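Taking it in order: structure first as structure tokens, then the write-up.
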Amino acid sequence: MKLLYSLPVATYVGVVAAEISRRGILADGAQFASSTFDYIVIGGGTAGLTLAARLSENPTTTVGVIEAGEYLPDDPVLNTPASALTIAGNPTYDWMFQSVPQVYANNQPINLPRGKVLGGSSAINAMIFNRGSKAEYDAWAKLGNPGWDWNGLLPNMKAAERFTGVDPFRVNYTNADPDDIFPSQGKNGVIAADYNNWYPDLVLPVQKSMSKLGVPVNFDPDSGNAVGLYNTATSINRTTGRRSYSASTYYAYNAQRPNFVVLTGAQATKINFKDTAGSNKPSSI
């Protein structure tokens, strides 16, 4: 067994429902504990579910996921974009982490929202769908992480994305084809990304003011140059009007796989190791 963990936490007991989107959710923690998996992913969050889904693409590989939160596919608070800013600070969805008191913030602790739900923080964030600059990722590689530079990561970023629209400001200002997404954006992934179809009247005056200050408009911030004023996409499925996140995509789209099992409402507290041929290897949780 190989242990992979994206968060130091994990899982509970969900009710097996008839819907395909819940098919891999276990109702019995003992059943999960008595099973043998090739991989166990601790934490069914943004990265955890993505990793588990990719590993389970091999039908001969069994993957178990342990998640401390619950699977809430029909929760209106999580699904409704307008509710996004009400989620942080709600213990139903948030771990309620805080920093130590900050000396330069009048000794106040800072709230650190982290998702305690299947889907992790992708279930509770503000759905702002953007990237850092090329220089930032290249710096990761220079620290001794080959392949973690911009050119190494961009194909993987694009593989996750399904852009379904073009920035309307780009269309208006450059006469771009409304169906012509940039090469830096993906269109065959599972996470839906698109732009709003309504903007407040304040947007254009702000843009003009920034232009007078020498801040350029950037129509392609996903290209590795995130400098300037730009309109960010959001991870919202425009067909359903719902948040697009790891539980509603990487898990729900693959829940029918018999080799992809998720235990929710249970927390991993210890990893057991076994001495095998003089080498300690993880054997159970």
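The values are calculated or read from the model by the stated rules, or taken from the named source; none is laboratory data. All values reported here derive from a predicted model rather than from experimental measurement. Quick reminder, even Gly has a Cβ in these numbers, built from the backbone with ideal geometry, and neighbours come from all protein chains shown.
Overview of values
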| read-out | value |
| --- | --- |
| Filtered residue count, segment 64-110, keeping only those that are surrounded by 13 or more Cβ atoms within 10 Å (Cβ to Cβ), over 16 Å from Ser244 (Cβ atoms) and not hydroxyl-bearing (Ser, Thr, Tyr) | 12 |
| Test set (1) buried (at least 17 other Cβ atoms within 10 Å of the Cβ); (2) in contact with a strand residue (DSSP E or B) (Cβ under 9 Å, 6 or more places away or on another chain); (3) under 23 Å from Phe182 (Cα atoms) - Arg238 fails condition number | (1) |
| Per-region count, segment 148-181, residues touching a residue at least 40 places away in the same chain (Cβ under 8 Å) and surrounded by fewer than 16 Cβ atoms within 10 Å (Cβ to Cβ) | 2 |
| So Ser133, is it outside the structural domain of Ala226 (by TED's automatic domain parsing), surrounded by fewer than 16 Cβ atoms within 10 Å (Cβ to Cβ), closer than 30 Å to Pro178 by Cα and touching a residue at least 12 places away in the same chain (Cβ under 8 Å) | yes |
| Meets criteria (of a type in the set (S, T, N, Q) and either buried (at least 19 other Cβ atoms within 10 Å of the Cβ) or closer than 17 Å to Ala255 by Cβ (or both)) for Thr61 | yes |
| Any hit, segment 265-279, residues being in the same structural domain as Glu67 (by TED's automatic domain parsing), assigned to a strand (DSSP E or B) and within 20 Å of the chain's Cα centre (by Cα) | no |
| Matching residues, segment 70-95, being in a loop (DSSP other than H, G, I, E, B), touching a strand residue (DSSP E or B) at 6+ places or on another chain (Cβ under 8 Å) and of a type in the set (A, V, I, L, M, F, W, C) | Ile87, Ala88, Trp95 |
| Of all residues making up segment 166-210, the number that are assigned to a helix (DSSP H, G or I) and at pLDDT below 90 | 3 |
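One line per residue, one yes/no per condition, for (1) over 30 Å from Val227 (Cβ atoms); (2) modelled with pLDDT of 95 or more:
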| position | (1), (2) |
| --- | --- |
| Asn90 | yes, yes |
| Asp94 | yes, yes |
| Tyr104 | no, yes |
| Gly132 | no, no |
| Glu136 | no, yes |
| Lys142 | no, yes |
